[in-house]
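The values are calculated or read from the model by the stated rules, or taken from the named source; none is laboratory data. Quantities reported herein were computed from a predicted structural model and do not represent experimental measurements. Heads up, the Cβs are rebuilt from the backbone with ideal geometry, glycines too, and the neighbour counts pull from every protein chain shown. Heavy atoms of the whole protein, side chains included, go into the accessibility calculation; ligands, DNA and RNA do not. Shrake-Rupley method; radii C 1.70, N 1.55, O 1.52, S 1.80 Å.
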Amino acid sequence: MTESTATVPDIEIIVAQKDPASRTFTVTVPVERVRAAEDETVRWYGKRTKVQGFRKGHVPLQVVRSRFGEAIRQSVLEELLRESWQRAKDQENLKPIGDPRIRNLRFEDGAPLTFELAVDVKPEIALERVGGFKLVRRTPAVTDDMVEAQLTTLREQKAPWVPADGRAKPGDLVQATIANLDAEDAGAAEPVRFVLGQNRALPELEVHIMALDVDGTWEGTIRFPDDHPDTTKRGAARRVRVTLHEVKRQQLPDLTDDFARELGDFTSVDALRTAVRADLEAEARREADARLRAELIDQIAAANNVAVPPSLLERALHAYAQGYGVPEDQHDKFAAEFRPVAEAGVRRELIIDAVAERANLAATRGALEARITQIAARRGESPAAVRAALEKAGRLAELERGLTEENVFAHLLGQSAVDDAPAAR
């Protein structure tokens, strides 16, 4: 700006509301500062824009204001918002965890620019005790029944659908037509195809279908549940005509050496069974480790009285609702039911971040590259290709976060006693 800082009043930033995880500021940009920003922006436009009848860089400022008034006004606003946000961060030494939110903005000619600036910040939590806990890792035994159940699942994945005798039952694939008799085009049949028992159709409708023989028809009234995803159908009743055309059932392939070879590099059923057991045991260990980590986090939170700031909890609930595609009119119900899960998740992240920062355990660039190289070796791809795929899918930060968590839990578990409970059968 051409005016000296001594003659232009500074931006006023006042903390209006403060809690451990959020700040709200009231911001006032004096009219003199707004005017100085406008003058500077007008000069910038004058030097860089072309206007017919004038040489570039020699356009009268009044012409610039007249031709580019709205663009200049928007540029000034964006610059003052950016400058105010930077000053607020510096003034309060903020560690924001998201972009700021602008509220109650007033930007009028000849008046100060005023607005509220709200932002979620990384809370500071004091962890006086992070070790000396007694933990138990409980890894359930993998039974023969569990192995056989998994083998059955593999057979089902390869099982063809064949015409079935008799009436349909849960697990069968049915093909039918449904006509809405209350519609203007009553009698127009819509084809449907789904597996019974997978919540693909109204339970009441499935009951009527299972009572039909092939080519049989049922006509009557069905009612949509009050929590139906389509809000226009909730609690509504429809008269329908249902005709069942086909019933198919999966035919499980025999568990033979040939079947084992079809699934991969297995020479026999015994080799497949051994691999399935190994996979189930590895999964059991992963689940046991996850429960152990959760138990450790709970004990650290209790020992240090770690509270979850309301602003972070609401932020997490909103993110979960969006991730699960919860309709807006069901957000309150979802939040009430999901609050304990969200609260535990936020508390876990706060503790992990605090420990990682205090002990300098954040994943290094070298560790990230090493993990990418490991993934590439397993996939038979180049590290560059794997990195590109992770970046495209937005999962590189997730991988880095996972490495940080590994470091944190290795650090924490090394400070507590961990007993392995005997596997129960």
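What the table below lists for this structure:
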| item | result |
| --- | --- |
| Charge dipole (debye, nearest 20) of the chain; +1 at Cβ of Lys and Arg, -1 at Cβ of Asp and Glu | 1460 debye |
| Kirkwood estimate for the range 170-225, i.e. one over the average of 1/r between Cα atoms, Å | 12.1 Å |
| Heavy-atom SASA rank of SER382, SER22 (probe 1.4 Å, accessible area, largest first) | SER382, SER22 |
| Shape category assigned to the range 342-425 from the gyration tensor of Cα positions, a/c cut at 1.5 | prolate |
| Rh (Kirkwood; distinct C-alpha pairs) - the chain, Å | 29.2 Å |
| THR373-ASP420 pseudo-label distance in nm [points 7 Å out on the Cα-to-Cβ vector] | 3.0 nm |
| Counted charge near ARG73, where neighbours are those whose Cβ lies closer than 14 Å (Asp, Glu -1; Lys, Arg +1) | -4 |
| Percent accessible area from carbon and sulfur atoms, the chain, protein chains only, probe 1.4 Å | 48 percent |
| Burial ranking of peptide ranges 171-180, 202-211, 262-271 (average Cβ count within 10 Å, highest at the top) | 171-180, 202-211, 262-271 |
| Label-point gap, in nm, between MET146 and GLN74 - each point 7 angstrom along Cα→Cβ | 6.0 nm |
| Pairwise FRET efficiency - ARG223 versus ALA16, Cβ, R0 = 35 Å, nearest 0.05 | 0.10 |
| Net charge of Cβ neighbours under 11 Å - reference GLU295; Lys, Arg +1; Asp, Glu -1 | +3 |
| At R0 = 41 Å, FRET efficiency that the Cβ-Cβ distance of GLU124 and GLU337 yields, to 0.05 | 0.85 |
| Helix runs (DSSP H) in the chain reaching 15 Å along axis by Cα, Kyte-Doolittle at least -0.5 | 269-304, 310-323, 331-359, 365-379, 396-413 |
| Across LYS18/LYS89; LYS89/LYS122; LYS89/LYS392; LYS158/LYS248; LYS169/LYS248; LYS233/LYS333, pairs whose alpha-carbon gap is larger than 21 Å | LYS89/LYS392 |
| Coordinate range along principal axes, alpha carbons of the range 121-234, Å, largest first | 71, 47, 20 |
| Charge context of MET210, other residues only, Cβ under 10 angstrom, K/R +1, D/E -1 | 0 |
| Cβ-derived FRET efficiency at R0 60 Å, VAL63 paired with ALA344, nearest 0.05 | 0.45 |
| Length gained when the stretch THR177-LEU105 is fully extended (0.36 nm per residue, less Cα-Cα span) | 20.3 nm |
| Approximate shape of the range 254-293 as ellipsoid semi-axes (Cα gyration tensor, √5λ), whole Å, largest first | 29, 7, 7 |
| Net length gained if the chain between THR231 and ARG200 were fully extended (0.36 nm per residue, minus Cα distance) | 9.5 nm |
| Solvent-accessible heavy-atom area per residue, rounded to whole Å², over the chain at 1.4 Å | 60 Å² |
